[in-house]
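The values are calculated or read from the model by the stated rules, or taken from the named source; none is laboratory data. In this text, all values refer to a predicted model and were calculated from it rather than measured experimentally. Note that each Cβ is placed from the backbone with ideal geometry, even for glycine, and that neighbours are counted across all protein chains shown. Please note that ligands, DNA and RNA were not included when accessible areas were found on the heavy atoms of the full protein model with its side chains. Shrake-Rupley method; radii C 1.70, N 1.55, O 1.52, S 1.80 Å.
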Amino acid sequence: MLDTVSKELALFWQQIEQRSQFHAGYPYNLNCDYTHIGKFFNFLLNNAGDPYVEPDFGLHSRKFEQEVLSFFAELYKIPENEFWGYVTAGGTEGNLYGILLAREIYPNGILYSSQDSHYSIAKAARLFGIQHQVINSQANGEMNYEHLSQVIRQNSQQPVIINLNIGTTVKGAIDDLDKVLEILTRHQIKDYYIHCDAALSGMILPFLDGAPQVNFQKPIDSVAISGKFIGSPLPCGVVLTKKKWVEKVETMIEYIGSKDTTILGSRNGHTPLIIWYALQTRGYEGFAKEAKTCIQNAQYLFQQLKLREYPCMLNKFSNTVVFQKPCQKLIKKWQLATQGNWAHIIVMQNIDRQKIDTFVNELVLQEGLMPESEYLHLQPALT
Ligand SMILES: Cc1ncc(COP(=O)(O)O)c(C=O)c1O
């Protein structure tokens, strides 16, 4: 019996290890080592309830969750006494939470989100019964501001709930907060709530010189960030918002000895520990270096494709390289994400230049692109 279990596990280990080597289409940092905190996985850790209310139940990691939240509060420039947040099960839960708060504050508000928004935004509208207006996107995946302005003008009697994409799922596009704020001012909208879906770029943009800075120094109301860039063996994320908004929705639950302020009841107590460990060991400087390297490597991949005249696109400050969908063999091998005629590689920490070169060489072979000897003379132009 034990022998069969061991065999099955060994086989699964092999499969996962192999699949991790060739994983390029989805935004997961696979360069992680959490061996040091592995021993905690033999304990139950449940952070049920509010991260700031100490329950009688002792098997939780609130101390670590609070420290993680303080890091993000500083990164997103919101004072300690004004913010609230929690470690979520991922970007989706953060989005659901932000939109739920918006609905609680503006029950008759309309949710506006672009065509390129993640499907969790439309799901939030359905779950919470919110009127939802989809805004057209531009070719690069960014919101079409003229269309937004037009529909807000038509509905100017109702509060506005905006989902702002800080890095879209497929094209890595960033919606322009300043343009959206200008539209709200132009139409004299006083009641509005801005939720930022910063699932991936939320841990990249704050570290890049010259990148658009989306934080609480501007009138945003919540931000959802996924744990994908940090890298975690368990899906997770962080949501941040203003304390005053959460105070509007909280209720005390005697049974758990805590406040019911989160979407889920039981909450993973290991993920705060994982994020805390990542922040402690890599620090602000470590993440800044990783973010810059990923962006540079994405530019490198983009240049390699352009050089071979392979149709491709890369948004500014993005690590998502979009290109014409290649053959199924490559899609399967590299686990590329596809949509219509397009595929993408998200250049995470585990996609280094060597891997990029391997992928490009295979693409050249499979798609019959220009051989190396014919483009080498063009190399000096690309730095
Ligand atoms: C823009 C965006 N928002 C939200 C999500 C959902 O995040 P998660 O998978 O962590 O729930 C994703 C996932 O890729 C995403 O790309």
Please determine whether any residue of the range 230-251 is more than 16 Å from the ligand (Cβ to nearest atom) and among the aliphatic types (A, V, I, L, M). yes
Taking D175 as meeting all but one of (1) open to solvent by 10 Å² or more (accessible area, probe 1.4 Å); (2) within 19 Å of Q339 (Cβ to Cβ), write down the number of the exception. (1)
Quick check: anything in the range 99-120 out of contact with any Leu (no Cβ under 6 Å at 6 or more places or on another chain), free of Cβ contacts under 8 Å to residues at least 24 places away in the same chain and more than 30 Å from A48 (Cα to Cα)? yes
Restricting to the range 126-139, and then to whatever is surrounded by fewer than 23 Cβ atoms within 10 Å (Cβ to Cβ) and in contact with a helix residue (DSSP H, G or I) (Cβ under 6 Å, 6 or more places away or on another chain), can you tell me which residue is farthest from V151 (Cα to Cα)? F128
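Out of the range 298-319, which residues are assigned to a helix (DSSP H, G or I) and under 19 Å from the mean Cα position of the chain (by Cα)?
Of the range 298-319, the ones assigned to a helix (DSSP H, G or I) are 298-307.
Of everything in the range 298-319, just one residue is assigned to a helix (DSSP H, G or I) and under 19 Å from the mean Cα position of the chain (by Cα), namely A298.
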Please go through (1) of a type in the set (D, E, K, R); (2) assigned by TED's automatic domain parsing to the domain that holds K228; (3) more than 21 Å from the chain's Cα centre (by Cα) for R267 and return the number of the only condition it doesn't satisfy. (3)
Within the set of pairs 6 or more residues apart or between chains, which connect a residue that is on the phi > 0 side of the Ramachandran plot and more than 8 Å from the ligand (Cβ to nearest atom) inside the range 165-177 to a residue that is modelled with pLDDT of 95 or more and aromatic (F, W, Y) with Cβ atoms less than 9 Å apart? G172/F317
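So that you can scan it fast, the table gives a plain yes or no per residue for (1) within 16 Å of the ligand (Cβ to nearest atom); (2) in a loop (DSSP other than H, G, I, E, B):
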| residue | (1), (2) |
| --- | --- |
| V134 | yes, no |
| N140 | yes, yes |
| Q150 | no, no |
| R153 | no, no |
| I162 | yes, no |
| Q213 | no, yes |
Look at the range 222-252 and say how many of its residues are more than 16 Å from the chain's Cα centre (by Cα), surrounded by fewer than 17 Cβ atoms within 10 Å (Cβ to Cβ) and of a type in the set (A, V, I, L, M). 2
Residue count for the range 100-125, restricted to those that are open to solvent by less than 50 Å² (accessible area, probe 1.4 Å) and within 12 Å of the ligand (Cβ to nearest atom): 9
Reported set for the range 69-114 where residues are under 18 Å from G167 (Cα atoms) and either of a type in the set (G, A, S) or over 17 Å from the mean Cα position of the chain (by Cα) (or both) is G90, G91, G94, G98, Y112, S113, S114
Of the candidates K179, K190, the one satisfying the condition of being in the same structural domain as D116 (by TED's automatic domain parsing) and assigned to a loop (DSSP other than H, G, I, E, B) is K190
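In this structure, does D3 turn out to be over 30 Å from I189 (Cβ atoms), more than 19 Å from the chain's Cα centre (by Cα) and in contact (Cβ under 8 Å) with a residue 12 or more places away in the chain? Give the derivation first.
Numbers: over 30 Å from I189 (Cβ atoms): yes; more than 19 Å from the chain's Cα centre (by Cα): yes; in contact (Cβ under 8 Å) with a residue 12 or more places away in the chain: no.
Taking the combined requirement at face value, the residue does not satisfy it.
Can you name every residue in the range 201-211 that is assigned to a loop (DSSP other than H, G, I, E, B) and open to solvent by less than 20 Å² (accessible area, probe 1.4 Å)? Steps first, please.
Taking the range 201-211 and keeping what is assigned to a loop (DSSP other than H, G, I, E, B), we get 204, 208-211.
Of everything in the range 201-211, those that are assigned to a loop (DSSP other than H, G, I, E, B) and open to solvent by less than 20 Å² (accessible area, probe 1.4 Å) turn out to be I204, L208, A211.
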Residue under evaluation N47, criteria (1) within 16 Å of H270 (Cβ to Cβ); (2) free of Cβ contacts under 8 Å to residues at least 12 places away in the same chain, criterion not met: (2)
